[in-house]
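One structure below.
The values are calculated or read from the model by the stated rules, or taken from the named source; none is laboratory data. Predicted model, so just to flag it, every value in this text is computed and none were measured. FYI the Cβ positions are ideal-geometry reconstructions off the backbone, even for glycines, and counts take in every protein chain you see. For accessibility, only protein heavy atoms count, side chains too; no ligands or nucleic acids. Shrake-Rupley method; radii C 1.70, N 1.55, O 1.52, S 1.80 Å.
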Amino acid sequence: MTGSPEAQTSQTAEKLPLPIRLIDGLSGLSAALAAAGLVLLALNVFLDVLGRTFLHRAIPGTIDMTINWWMPMLALLAFGYTEKMQDHIKVTVLLDSLPLGLRRAIEGVFSLLAAVLLMFLAYYTWVDAARSAKIGETTSSSPPVMIWPFKFVAVAGVIVLSLQLLATAWRHFSGRLPREIDFDVDEAAL
């Protein structure tokens, strides 16, 4: 292909099947929501510090909001996008010595297994979130901070990661990973 890397990425994305493009888009949306969570976390803490410094009053529940609202958004909603970009930490000592085709097959199978396990986790997370919503779960702090809605954020994050792992498995089996260079041998290390 010729042209800029952005044009090449765009051309590659157009050739992907619709379900893969939809999953990739969902991962991007999820990452954008995680970024919004980061902005809200920063704003929440900034206002809390301003209140403590100038008004001698903290924003009630800032720590509980950070623990139960913002951190789950940051971590769980970004996982799908991180998987799409193949930026999760991997230990590939054994895989690096395998032929490319065998490595793709093994990583594809492991991606499928991880997706299935995460679907079970999503189910049990959903059960916990539904129970939490039914009782209107809050923190035990004063004033209490509502936490049950953010348990559904965890469900969404796990589902998006599971779907993205299915897309990753397809990419491994079809040889269409977004970063093929990860499979190249580093000649400088030889």
With every protein chain kept in place and a 1.4 Å probe, the chain has an accessible area per residue in Å² of 62 Å²
What's the FRET efficiency of L94 with L29 using the Cβ-Cβ distance as r and R₀ = 45 Å, to the nearest 0.05? 0.80
Given 10 Å bins starting at zero, what is the percent of C-alpha pairs of region 67-116 in each, up to the one with the largest pair distance? 20, 42, 25, 11, 2
Give the long-range amide H neighbours of T138: residues separated by 5 or more places, or on another chain, with amide H under 5 Å away, using H modelled in the peptide plane at 1.01 Å from N. I147
I'd like the accessible area for L177, computed on protein heavy atoms only with a 1.4 Å probe and all protein chains in place. Round to 10 Å², please. 20 Å²
Over region 22-92, what is the mean sequence separation of C-alpha contacts under 8 Å (at least six apart), divided by residue count, expressed as relative contact order in percent? 49 percent
Hey, which lysines would be in cross-link range of K134, C-alpha to C-alpha under 26 Å, not counting anything within fewer than 8 residues on its own chain? K151
Stokes-Einstein at 20 °C, 1.002 mPa s, Kirkwood radius from Cα pairs: D for region 110-183 in µm² s⁻¹? 152 µm²/s
Cleavage-rule hits (trypsin sites (Lys or Arg not before Pro)) in region 7-103: DSSP loop, at most 15 neighbouring Cβ within 10 angstrom: K15, R57, K90
Which value, in Å² and to the nearest 10, is the accessible area of V91 when all protein chains are kept and the probe is 1.4 Å? 130 Å²
At a 1.4 Å probe radius, carbon and sulfur cover how many percent of the accessible area of the chain? 71 percent
Assign one of three labels to region 9-76, namely rounded, prolate or oblate, based on the Cα gyration tensor with a ≥ b ≥ c the square roots of its eigenvalues; rounded applies when a/c is under 1.5, prolate when it is not and a/b is larger than b/c, and oblate otherwise. prolate
At a probe radius of 1.4 Å, what is the per-residue accessible area of L43, in Å² to the nearest 10? 90 Å²
Cα gyration tensor shape for region 24-161, rounded if a/c is under 1.5, else prolate or oblate: prolate
Give a residue-ordered list of calculated ³J(HN,Hα) values for region 84-98 (Karplus: 6.51 cos²θ - 1.76 cosθ + 1.60, θ = phi - 60°; whole Hz; x for Gly, Pro). 4, 7, 6, 9, 6, 5, 10, 9, 10, 4, 6, 5, 4, 8, 8
The chain: calculated mean residue ellipticity at 222 nm from DSSP helix runs of at least 4, using -39500 (n - 2.57): -22500 deg cm²/dmol
